[in-house]
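Read through the structure below, which is laid out as structure tokens, and then see the notes.
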Amino acid sequence: MAEPGYKDIEQLMNDDFSLLRKQADQVCREHYGNKVFLRGLIEFSNYCDMDCLYCGLRRSNKHVQRYRLEVPDILSIVKKGYNAHMRTFVLQSGEDPSYGINKLCELIKKIKIETNDEAAVTLSCGIRTKEEYKILKKAGADRYLIRFETSDSLLHVYLRNGITLKRRLQAIDDLKSCDFEIGSGFMVGLPGETKATMIRNALLCKELDLDMIGIGPFIPHHLTPLKYSVQSPIEQTLRLVSIIRLLLPEANIPATTSMGTLDPYGREKALQAGANVLMPNITPASYKKSYLLYPGKICLEENGFECINYLDPKIKSVGKEISFDIGYSKHFIKKGVYNAAKNERLETRNN
Ligand code: 5AD
Ligand code: SF4
């Protein structure tokens, strides 16, 4: 789509969804065939200094049993993932300053060794300084996920309890300047947002020229100030998945767990609407149940690797198949940053 504007997206918001979905699915298949990239998600710390109004892990929620996995624990999960052919690991936490930069670097370097440098390391640990992002990149981190959550600056500062959209966008800019492959995105159906917000959210993804876009429905959590919010229907999120596929044809777009939580077939529906990535949660079951950003999260009783067996028929049911490829975003490869970054890392390691 050539330079889409507000009016174009508005039109897509009103178009017949079954046609839009088919169009997005076709564009996705043109770029990624029938492949669905798998990412092993490891929720390594649920401590968080932030107090986002929408999130079950917010600092003020005293009912959360907090945990922090140590480096050897995480490595043993990675090892299992590697043996199960996974080639991307996503390390996610709250904003936990106790997981300092040195410990993160040690973890990244050890994961690279454990996986014979065949796996990508994706971090999702919130806002850090540009200097820290630089150090993490140098240690071998490949990708970073940091959703902007909502493009409405007033809503953002309110829902994120004082943290501005400007600061969030600064972090994305900092990550870009460090040559990370960057994922961002937003929640759909936050209280206070309108159709115009959703359109602007989609446009911001395009403007930020993202490599990966993760979106999911906002699901009210009973232990947060937003507990009485109205749940938005899954169709709204699916429509936005399709729109984003058309806006950024070569981006990686996950069928997120929150979609599967809201609708038992939510992830399959997303894979038919333009999504091409799945992120099975391989955090040990004993910890996963304490990582509740929102309630009702799926696969809580499983150890994650069982989850993969369970995903296989689901993916086949929509005419796609699991790919154990490292799964770079074509959008990122085209930018030419990828080779430069890889060479720089090899040089660092050889010195
Ligand atoms: N519902 C859905 N998604 C949520 N997140 C946080 N809280 C919720 C919720 N209640 C999402 C945010 C965050 C990501 C890790 O989880 O978008 O960036
Ligand atoms: Fe912390 Fe992220 Fe939850 Fe905000 S959304 S409270 S930063 S874990």
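Laboratory data are not the source of any read-out in this text; all were calculated from the coordinates shown. Note that the coordinates shown come from a computational prediction; the quantities given were computed from them, not determined experimentally. Reconstructed Cβ throughout: ideal geometry from the backbone, glycine too, with neighbour counts over all protein chains shown.
Laid out as a table, the results:
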quantity	calculated
Reach of Lys166 by Cα under 14 Å, taken over aspartates and glutamates that are not fewer than 8 positions away in the same chain	Glu149, Asp152, Asp174
Furthest towards positive pole of dipole, Ile113, Ile253, Gln26, structure part the chain, Cβ charges	Ile113
Spin-label pair Tyr228/Tyr67, simplified geometry with 7 Å Cα→Cβ offset, distance in nm	3.4 nm
Spin-label model distance (nm) - His31 vs Leu300, 7 Å beyond Cα toward Cβ	3.5 nm
Cα gyration tensor category, rounded, prolate or oblate, for the chain with a/c compared to 1.5	rounded
Spacing of the two label points (7 Å from each Cα toward its C-beta) at Ser60 and Lys166, in nm	2.4 nm
Rg followed by Dmax, in Å, when the range 1-96 is reduced to its Cα trace	20.2, 51
The range 197-268: chymotrypsin sites (Phe, Trp or Tyr not before Pro) falling in loop per DSSP and having at most 16 other Cβ within 10 Å	Tyr228, Tyr265
Stretch in the chain that is longest and holds no GluC sites (Glu not before Pro) that DSSP places in a loop and that have at most 14 other beta carbons within 10 Å	119-300
Members of Lys176/Lys314; Lys103/Lys269; Lys110/Lys316; Lys35/Lys335; Lys130/Lys314 lying beyond 32 Å, as alpha-carbon distances in this model show	Lys176/Lys314; Lys103/Lys269; Lys110/Lys316; Lys130/Lys314
Residue-averaged 222 nm ellipticity for the chain, from DSSP H runs of 4+ at -39500 (n - 2.57), nearest 500	-13500 deg cm²/dmol
Environment charge of Ile315, counting only residues whose C-beta is closer than 13 Å and scoring Lys/Arg +1, Asp/Glu -1	+3
Antiparallel bridges, percent of DSSP beta bridges restricted to the chain (to nearest 5)	5 percent
Taking His85, His156 and counting other C-beta atoms within 10 Å, the order from fewest to most	His85, His156
Cα gyration tensor, the range 166-312 - rounded (a/c under 1.5), prolate or oblate	rounded
Simple Cβ-charge dipole of the chain, Lys/Arg +1 and Asp/Glu -1, about Cα centre, in debye nearest 20	400 debye
